[in-house]
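**Student:** Take a look at this one; I'll ask things after.
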Amino acid sequence: MSKQEIDWSQEKTKHFQEDFLNWYHLAKRNLPWRATNDPYAIWISEIMLQQTRVDTVIGYYYRFMEEFPTIQALADAEEQKLLKVWEGLGYYSRARNLKAAAQQIVAIYHGQMPMTMDDIRSLKGIGPYTAGAIGSIAFGLPEPAIDGNVMRVVSRLFCSDADIAKASSRPVFDQKMRHLMPERDTGAFNQAFMDLGSSICTPTSPKCEECPISQYCLAYAENKQTQYPVKTKKPKAKDVYFVAGAIEDNGSFLLTQRGDTGLLASMWHFPLREVTKSEYQELASLWEKDDQPGQIDLIAEESTPTIFSDLPVIWQKRHFGEVTHLFTHLKWHILLFYGVKRTSFSVESGRWVPESAFDAFVFPKPQQKLVAQLKKYQKLDKDF
């Protein structure tokens, strides 16, 4: 980096701020959390927006704020109810951290969102970006909110070679943003970067002809937009293989609850057994997929899939297909089998639940996909 990359004159910086803020106030997205100055609402929206599309968040935001309208209500929330409201949004540690932070606020700050950066940063689940967003938007603090959109825009503005995938690069972008940031309207300034990055200065095919700050952009001037930002590729997600059993007993299905810690903690799903890739491929090939939804043809009990041989279940002779789900570092592959309980049995942390009562349980996304897959093979007017 050369010194010239960050040393704009005061006059140039002021013109940039004015041009950018004028554009934002005319073109900003109409989002529900932008219609309030409530720091609690802003906090909730920023946590929900982490690694999640805006159009996905809107419905969840309304439901969450209706169910937990205050910090005290969130602090008092029963965990399963909280997770149910969050169901389908993913990254469930965010919801648990929200509750833990709400309890901190009640215990330490008398139920009021703290107003200093150090205090905001002390809350569970709040990192530099979220703290900057809350501080600037809710309280007008001159703090940058640096996310992927901001780093992409700033990288192109200054042709910065800092790798946005590395945590060590964050101070580079923090320095540049502090140089650019106005004394007032800091929340709008941060949101202008967010909007520009999501709608115009996109990762591929940026719309430079529509950009309100293209005249300040070094990458645009040198026709190098596609060379920035610099970003090393993430390692490929690890493949993990499971077999799931949709086991029925007179209209009820066996659900098991995960432990209190770890991935998808305390959530419910059909019994899962982890298998090796070769075991998975063998089950998939030997038990070819049933391509006739609704045609349930049970097999002899001695021919059960070996992975579930300990359960007294009579299985459908073909599997119901594969469900996949991508987590941050893992990709789950799940092969679904259907079976009927032969004799009475119980499973640790398990419960027999009527399908009509599924909505009362917190299902992670993989389980939602498994239920959808099962329904493809059910006749609406038929009890198996």
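Each reported figure results from applying straightforward, stated rules to the coordinates on display, with no laboratory input. In this text the structure is predicted, and so the values were computed from the model without any measurement. With ideal geometry, Cβ positions are generated from the backbone for all residues, glycine too; neighbour counts draw on all protein chains shown.
**Student:** In the range 238-375, what % of DSSP beta bridges are antiparallel (nearest 5)?
**Tutor:** Numbers: 22 of 33 bridges.
Among the beta bridges of the range 238-375, antiparallel pairing accounts for roughly 65 percent.
**Student:** Run the helix sum for the chain: -39,500 (n - 2.57) per DSSP H stretch of 4+ residues, divided by residue count, reported at 222 nm to the nearest 500 deg cm²/dmol. Intermediate results must be reported in sequence, preceding the final value.
**Tutor:** Numbers: 14 runs with 150 residues, N = 384.
So the helix-based figure for the chain works out to -11500 deg cm²/dmol.
**Student:** Just want the answer: with Cβ charges of +1 for Lys and Arg and -1 for Asp and Glu, which residue in Pro144, Gly127, Gln368 is farthest toward the dipole's positive end in the chain?
**Tutor:** Looking along the dipole axis, the top candidate is Pro144.
**Student:** Another question, then. Give me the net charge of Pro69's neighbourhood, meaning all other residues with Cβ under 13 Å from the Cβ of Pro69; Lys, Arg count +1, Asp, Glu -1.
**Tutor:** That sum, taken over residues with Cβ under 13 Å, equals -3.
**Student:** Which of Pro235, Pro39, Pro212 moves most in a GNM of the chain, Cα contacts under 10 Å?
**Tutor:** Checking each option, the largest mean-square fluctuation is seen for Pro235.
**Student:** Another question about this same structure. To test your reading of the geometry: what angle, between 0 and 90 degrees and rounded to tens, separates the Cα axis of helix 148-158 from the longest principal axis of the chain?
**Tutor:** The helix 148-158 is inclined about 30 degrees to the chain.
**Student:** Give me the percent of DSSP beta bridges within the chain that run antiparallel, rounded to the nearest 5. Display every interim value, and only then the final one.
**Tutor:** Values: 22 of 34 bridges.
About 65 percent, rounded to the nearest 5.
**Student:** If exposed means no more than 11 neighbouring beta carbons inside 10 Å and the site is in a DSSP loop, what's the longest run of the chain without any exposed GluC sites (Glu not before Pro)?
**Tutor:** The longest uninterrupted stretch comes out as 79-182.
**Student:** For Lys233 and Glu183, compute 0.36 nm times the residue count separating them, minus their Cα-Cα distance, and round to one decimal in nm.
**Tutor:** 14.4 nm
**Student:** For the range 238-375, evaluate the Debye formula with one uniform point scatterer on each Cα (no solvent term) and list log10 I(q)/I(0) at q = 0.21 Å⁻¹, rounded to two decimals.
**Tutor:** -1.49
**Student:** Turning to a different aspect of this structure: Can you work out the FRET efficiency for the pair Ala372 and Glu66, with r the C-beta to C-beta distance and R0 = 25 Å, to the nearest 0.05?
**Tutor:** The formula returns an efficiency of 0.45 here.
**Student:** If you stretched the chain out fully between Ala27 and Val240, how much longer would it get, using 0.36 nm times the residue separation minus the C-alpha to C-alpha distance?
**Tutor:** 72.3 nm
**Student:** To the nearest 10 degrees, how steep is helix 54-67 against the longest Cα principal axis of the chain, on a 0 to 90 scale?
**Tutor:** Helix 54-67 and the main axis of the chain meet at about 80 degrees.
**Student:** Does anyone have the angle between helix 10-27 and the longest principal axis of the chain? Alpha-carbon axes, 0 to 90°, nearest 10?
**Tutor:** So the helix axis and the longest Cα principal axis differ by about 40 degrees.
**Student:** How much of the calculated P(r) for the chain lies past 37 Å, in percent of all Cα pairs?
**Tutor:** In whole percent, the share of Cα-Cα pairs in the chain beyond 37 Å is 38.
**Student:** Calculate the length of the line joining the C-alpha centroid of the range 48-91 to that of the range 95-137, in whole Å.
**Tutor:** Answer, in whole Å: 16.
**Student:** Along the positive direction of the dipole of the chain (beta-carbon charges: Lys, Arg +1; Asp, Glu -1; about the Cα centre), which of Leu74, Pro271, Ala221 reaches farthest?
**Tutor:** In the chain, that residue is Ala221.
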